[in-house]
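The values are calculated or read from the model by the stated rules, or taken from the named source; none is laboratory data. Just so it is clear, the model here is predicted, and its values are computed rather than measured. All Cβ positions, glycine included, derive from the backbone under ideal geometry; neighbour counts span all protein chains shown. Note: areas computed on protein heavy atoms with side chains; ligands, DNA, RNA excluded. Shrake-Rupley method; radii C 1.70, N 1.55, O 1.52, S 1.80 Å.
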Amino acid sequence: MAMSTLKTPVMNSIAKRCYASKAAALSIKGPEVQTKKLPNNTLVVAVPEYPTKIGRISVTFLAGSRYEDPENSGIAHVIRSSAGLSTESSTNFAILRNLGHLGTNFYATSDRETITYTIEAHKDNLISSLKYFIDSISNQKFKPWELSDNSKRLQYDLLTIPPVSRVLDLVHKAAYRTALGNTIFVPKYNIKKLETEHLLYYVKQNFISDKAIISSVGVDLETLVLISDDLNLPSGNSTTASKAKYYGGDLRKNKPLDTTYLAVVGEGVSYKDSQSAAFAVLQNLLGKGSSVKWGNGQGVLEQSILKTNTSDNFAVSAVNYNYSDSGIFGFLLAYNGKNISQVLNAAVQTLKSPTINDAEVNRAKKQLIFSLVATSESSAEVLENITQQASVTGQVLPFEKLVAAVEAVSVEDVKKAASKVANSKLSLAGYGNVASTPYLDSL
């Protein structure tokens with residue numbers, strides 16, 4: 001089971017690896033990142049010199065689930081699932097056939113902040129693919145009969161959501177209640193209730209130039225400016241999401257599973273906060289799972305659970321979610337056994353009072369820098385992460401500044417981050433076999 005639930009933001013790639021005979025040295029130079037704010041307020045971000053023959057372009061809107069209200073809960077999920085349906089000038093068949101003929105991959109993703117449309121193709125075919133890509137974003141029609149057919153896909157989506165995703169969704173609800181607490185999955189009762197007029201109205205309100213980010217890897221900035229012109233997004237009064245307020249709470253859903261999935265979090269920080277680097281180091285200090293297949297993790301969370309001498313299977317990982325105005329920090333635990341109380345209590349006590357010293361902080365910093373470098377080896381992940389940075393902060397930090405921020409984190413900084421979590425009200429979410437799971441006030 002994959003327990004890595006956070007992808008650290010990064011935007012650059014490895015340019016050179018240098019190995020000496022006595023000690024290995026890694027020389028890193030990130031490629032140039034170009035950014036520009038267009039007259040229509042659309043932000044464009046490009047990494048044109050990335051060494052790849054595949055061009056990748058994303059068009060992102062600040063239109064994720066936090067912008068929903070109770071009546072249209074799950075509408076971002078429905079819109080994401082409807083990507084590629086018939087438009088004003090192209091049928092669904094024409095879009096799929098022509099993109100497939102060009103060897104192009106087109107997909108959409110959504111989360112609490114954004115809805116993102118991405119296209120991937122060989123650079124020789126990318127320009128020819130843009131016609132259908134742009135049309136699928138700016139000329140969506142959401143025809144009733146196609147939405148009706150697509151409802152089966154949505155039902156399948158809900159049936160295949162991993163328990164880990166379910167419990168993380170629940171813990172956001174427990175922590176925030178509304179805004180960032182809105183579910184990222186469409187409720188079953190809304191699948192057929194959300195019709196053409198609901199989707200068109202939501203798109204009209206949120207798919208506007210003021211809330212758009214166009215990003216790319218392997219494609220120059222000038223091409224993105226032309227894409228913005230062709231999208232011809234309307235301007236309008238940008239809908240401001242309700243400011244996230246952390247409350248804390250306890251939610252659980254009992255399911256006939258052998259495993260108990262638990263998430264316990266406290267209040268973290270936004271991605272723009274000066275403490276965000278310290279929280280990232282703290283996450284690695286607590287542990288993000290094993291770096292070696294079938295091995296034990298080095299994090300203090302896993303080590304504290306092992307000290308309970310439990311004979312049951314478990315997996316634990318620290319989680320750190322940073323949003324534009326808030327964040328949560330804690331751990332995700334999967335446990336297959338009967339003595340959940342002992343294991344959960346050990347993890348909670350470690351979260352409240354972890355072992356923080358020079359050795360642990362240095363280890364965590366090295367692991368974090370390595371993950372930044374390793375992640376940057378994939379152009380798809382570079383695109384995902386520059387898009388994330390641009391969406392939540394309005395800018396993209398150079399790789400050198402990201403590494404410098406990590407290296408500058410001190411032991412005291414990590415202790416302050418841990419203290420903030422320990423002093424906040426915790427939130428707990430459970431999914432699966434939660435019948436014997438203790439409540440927060442008993443931990």
Where the only charges are on Cβ atoms (+1 Lys, Arg; -1 Asp, Glu), what is the dipole of the chain about its Cα centre, to the nearest 20 debye? 820 debye
Using protein chains only and a probe of 1.4 angstrom, how many square angstrom of LYS36 are accessible, to the nearest 10? 100 Å²
Restricting to Cα pairs below 8 Å that are 6+ residues apart, what does the relative contact order work out to for the chain? Please round to a whole percent. 23 percent
The chain, accessible surface, carbon-and-sulfur percent (1.4 angstrom probe): 50 percent
Relative contact order for the stretch 249-442: what percent, with Cα pairs under 8 Å and sequence separation of 6 or more? 40 percent
Partner aspartates and glutamates for LYS245 [C-alpha distance under 14 Å; skip if fewer than 8 residues away on the same chain]: GLU267, ASP325
Mean-square fluctuation maximum in Gaussian network of the chain, Cα pairs under 10 Å, restricted to GLY103, GLY327, GLY84, hits GLY103
Can you tell me which lysines have their Cα less than 27 Å from the Cα of LYS131? Leave out same-chain residues fewer than eight positions away. LYS36, LYS37, LYS53, LYS123, LYS141, LYS143, LYS204, LYS211
Please list, or write none, the aspartates and glutamates whose alpha carbon is within less than 14 Å of the alpha carbon of LYS366, excluding same-chain residues fewer than 8 places away. ASP358, GLU407
So if each residue of separation counts as 0.36 nm, and I subtract the Cα-Cα distance between ASP273 and ILE127, what length gain in nm does that give? 48.7 nm
Dipole of the stretch 34-231 [Lys/Arg +1, Asp/Glu -1 at C-beta], most positive-end residue of THR87, VAL225, PHE142: PHE142
For the stretch 306-315, just list the computed ³J(HN,Hα) in residue order, Karplus coefficients 6.51, -1.76 and 1.60, θ = phi - 60°, integers in Hz, with x standing in for Gly and Pro. 4, 5, 6, 6, 5, 9, 8, 6, 8, 9
Can you give me the long-range amide H partners of GLY268? Hydrogens built in the peptide plane at 1.01 Å from N, cutoff under 5 Å, separation of 5 or more residues or another chain. GLY327, ILE328, PHE329
For the stretch 34-231, projected area of the alpha-carbon convex hull averaged over all directions, nm²: 11.5 nm²
Determine the per residue accessible area of the chain with all protein chains present and a 1.4 angstrom probe, expressed in square angstrom. 46 Å²
Rank GLU267, GLU49, GLU381 by mean-square fluctuation in a GNM of the chain with C-alpha springs under 10 angstrom and give only the top-ranked residue. GLU49
